[in-house]
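*Asks:* Got a structure here, written out as structure tokens. Questions coming.
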Amino acid sequence: MVQGKQQMKEYFALQFNMINRRFRDGGVVPIFAYFIFAIGFYLLSNFLFKTTEFAVYLYPFLYINLIGRLSETQRCEFLTICFGDNQFKKIRIAENLIFTIPFVSFLLYKQLIIPILFILLVSLILALLNFRTKFNYTIYSPFSKRPFEFTTGFRNTFPLLILAYVLVIIAASVNNFNLGIFSLMIVFGSSFSFYLSTENEYFVWSYNLNPRNFLINKIKTALLYSAALTIPIVVLLSFYFQQNIGLLFIFLLIGWGWVICGIVTKYSSYPNEINIPNGMLLALCLTLPPMLVILTPILFYKAEKRLENILK
Amino acid sequence: MSYGNHSILKNINIEFDEGKVYGIVGKNGAGKTSLFRCIAGLEKYDGIINSSHYPIKNHLGLLPTEPFFFEKITGKEYIQLLCNARKKPINDIERNNVFDLPLNQYATTYSTGMKKKLALTAILLQRNEYFILDEPFNGVDIESNILLTEIIHTLKKLGKTIVISSHIFSTLSDTCDEINLLNEGSIIKSVQREDFQLLEKEMKQMTVGNRIEKLGLL
């Protein structure tokens, strides 16, 4: 029993150290990163709850989507081998509960008790079920012709995309344009996230393209596939909110701007992960979309220079 | 090529001809993978590498010792990705699936040998002029080893240049025209096909020495 507690303590201490190390490697003091995260989480949550009355249903869904990644088959198998079945379950429950902290704190602040109970219940069930192992089949992806970002990204986030489509139907039925725009931004936010992790250099090196054409090729694919994902939303919103088509078009441009900016930011630090200065520029573009017009070409130029080492 | 003040490769002067198969042997850490990465342009180095097809990287099929695969990408999509990268259209992946791989499954679920066969299939479908195969026989079943040997013979007939590293001497003697011995970053010996047996004997003597006696089993 004592040994089990010690094992868990050591496991979480190791995870904590690994996270802190990542921040330090990126040039950020961990305490500062946690502070920024807390502020960002509060602002986004507040935005969500102000935008739509359905936030109360969306919030648990976002939580489930987040902790779903902790149930990856290989990860679970590794933990079971290391700690044994009983200890593994305790670790998974503890992990899921740790991830509830920001969500539960915000819901407490909003005095919403039922979603809190739901989130806690779901965190326990998902820790014990390990459903991803049982349903380990290949999910169809409509983006197989031009792998890999959208191919893998779609498979990782399809529940979120389904949610976006459900939301836009609700937006049309309750005549809430803001909710429709929110669903559009969920799709663009997902597409943007597909480009954030750095791929192995082999998959850049393999390209028979110079840096500029490589970046243009990536951008073309991203625009094409993100357009394909947003078509149902755009069609529905254009039909039901004809008076707001101009605004819809602006949000489309912002969404594509985010995706392009995500791509050039990633490769401006390549093969390293996005560094702090470039990450800050990216954050600036996300919060102040007009900055996209100025910063995207700068980051594109930096990315082109950076890729010259690999794509000669 | 060096890391800080420490040189990994020193005075490498080697020529690879078209339609020939070259073996690179050496202990772990001798510099084989570093040499391959330099040729591929994945590492910086001092010196010159010339080739009839330029840049080499766009005509080179590189099979790493441990190929990398994305989570949630199928075998078919992996091949598609690498062929797209080289602008090589593929008409019928299923027909080209000579190793009978489950191409619609996620590549990360494959065994070590299957992963290697998938990576090899992809670089073959890229229709490269040069091939660097780092430990291609490792973890691959005996049937596929036979097939792989035949593929190498076919590539040779097609005038391709192939460089292979392997720790299994027989796989090299079956396929190579020349074997180069790499030691501490330098090529210390180049041996032609007719002298392979001699090289094997020499390597055996050098490697085994009196180590078995030291074990005290006899």
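Laboratory data are not the source of any read-out in this text; all were calculated from the coordinates shown. This is a predicted model, so every value here is computed, not measured. Here the Cβ is made from the backbone with ideal geometry for all residues, glycine too, and neighbour counts use every protein chain on show.
*Asks:* What is the calculated FRET efficiency for A:Glu308 to A:Asp25, with r their C-beta to C-beta distance and R₀ = 25 Å, to the nearest 0.05?
*Replies:* Efficiency at R0 = 25 Å is approximately 0.55.
*Asks:* Ordered by residue, what ³J(HN,Hα) values in Hz, to whole numbers, does the stretch A:50-63 give under the Karplus form 6.51 cos²θ - 1.76 cosθ + 1.60, where θ = phi - 60° and Gly and Pro are x?
*Replies:* Working through the residues one at a time gives 7, 6, 9, 6, 7, 4, 5, 8, 5, 4, x, 5, 5, 4 Hz.
*Asks:* Residues with amide H under 5 Å of B:Tyr106's amide H, sequence separation 5 or more or different chain, H placed in the peptide plane at 1.01 Å from N; which?
*Replies:* Result for B:Tyr106 returns nothing.
*Asks:* Okay, next question. Could you line up A:Met8, B:Met206 from fewest to most neighbouring Cβ atoms inside 10 Å?
*Replies:* Final ranking by Cβ density, sparse to dense: B:Met206, A:Met8.
*Asks:* I've got another one for you. Rounded to the nearest 5, what % of the DSSP beta bridges within the protein assembly as shown are antiparallel ones?
*Replies:* Numbers: 9 of 26 bridges.
Antiparallel bridges: around 35 percent, rounded to the nearest 5.
*Asks:* Something else: Out of residues 5 or more away from B:Asn183 or on other chains, whose amide H comes under 5 Å of its own, with H placed 1.01 Å from N in the peptide plane?
*Replies:* B:Ile188
*Asks:* Separation of the stretch B:1-66 and the stretch A:182-220 by C-alpha centroid, Å?
*Replies:* Taking the Cα centre of each part, the stretch B:1-66 and the stretch A:182-220 sit 29 Å apart.
*Asks:* Using modelled backbone amide H atoms (1.01 Å from N, in-plane), which distant-in-sequence or interchain residues come within less than 5 Å of B:Phe131's amide H?
*Replies:* When sequence neighbours closer than 5 places are left aside, the close amide H contacts are B:Gly61, B:Thr161, B:Ile162, B:Val163.
*Asks:* Please report the relative contact order for the stretch A:251-312, taking Cα pairs under 8 Å with a sequence separation of at least 6, and give it as a percent rounded to a whole number.
*Replies:* 43
*Asks:* Quick one: if the Förster radius is 41 Å, what FRET efficiency do B:Glu71 and B:Leu218 give, using the C-beta to C-beta distance and rounding to 0.05?
*Replies:* In this case the efficiency is close to 0.25.
*Asks:* What ³J(HN,Hα) values, in whole Hz, does the Karplus curve 6.51 cos²θ - 1.76 cosθ + 1.60 give for the stretch A:182-190 when θ = phi - 60°, with x put for Gly and Pro?
*Replies:* 4, 5, 4, 6, 4, 5, 5, x, 5
*Asks:* Next question. When the convex hull of the C-alpha atoms of the stretch B:2-215 is computed, what volume per residue in Å³ does it have? Could the numbers behind the result be given before it?
*Replies:* Values: hull volume 32.6 nm³, N = 214.
Cα convex hull per residue, to the nearest whole number: 153 Å³.
*Asks:* Per the helix-only calculation at 222 nm, which mean residue ellipticity applies to chain A, given -39500 (n - 2.57) for every DSSP H run of n ≥ 4 and division by its residues, nearest 500 deg cm²/dmol?
*Replies:* So the calculated ellipticity at 222 nm is -27000 deg cm²/dmol.
*Asks:* State the extension gain, in nm to one decimal, for the chain segment bounded by A:Tyr57 and A:Ile250, taking 0.36 nm per residue of separation less the distance between their alpha-carbons.
*Replies:* Taking A:Tyr57 through A:Ile250 to full extension adds about 66.7 nm, to one decimal.
*Asks:* When only Cα pairs under 8 Å and 6 or more residues apart are kept, what is the percent relative contact order across chain A?
*Replies:* Reported as a whole number, the value is 16 percent.
*Asks:* Output wanted: per-residue J couplings in Hz (rounded whole) for the stretch A:15-21, from phi through Karplus 6.51 cos²θ - 1.76 cosθ + 1.60, θ = phi - 60°, x for Gly and Pro.
*Replies:* Karplus values, whole Hz, x for Gly and Pro: 4, 4, 4, 5, 5, 4, 4.
*Asks:* Provide, for the stretch A:1-137, the number of lysine pairs with alpha carbons under 26 Å apart, each pair being eight or more places apart or on different chains.
*Replies:* 7
*Asks:* Can you tell me which of A:Ala33, A:Ala171, A:Ala222 moves the most in a GNM of chain A? Springs connect C-alpha atoms under 10 Å apart.
*Replies:* Its mean-square fluctuation being the largest, the pick is A:Ala33.
*Asks:* Something else: Using the scaling law 2.2 N^0.38 Å as the reference, what is the normalised Cα Rg of chain A?
*Replies:* The reported ratio for this selection is 1.07.
*Asks:* Still on this structure, please answer the following. Suppose a student asked you for the relative contact order of chain B, using Cα pairs under 8 Å spaced at least 6 residues apart; what percent would you report?
*Replies:* Reported relative contact order: 31 percent.
*Asks:* With N set to the number of residues, divide the alpha-carbon radius of gyration of the stretch A:4-130 by 2.2 N^0.38 Å and report two decimals. Please report the intermediate quantities before stating the final value.
*Replies:* Numbers: Rg = 16.1 Å, N = 127, 2.2 N^0.38 = 13.9 Å.
Dividing the Cα Rg of the stretch A:4-130 by 2.2 N^0.38 Å gives 1.16.
*Asks:* Provide the convex hull volume over Cα atoms per residue for the protein assembly as shown, in Å³.
*Replies:* Convex hull volume per residue, Cα atoms: 200 Å³.
*Asks:* What is the dipole size for the protein assembly as shown, taken about its Cα centre, with +1 at each Lys and Arg Cβ and -1 at each Asp and Glu Cβ, in debye to the nearest 20?
*Replies:* The calculated dipole for the protein assembly as shown is roughly 1060 debye.
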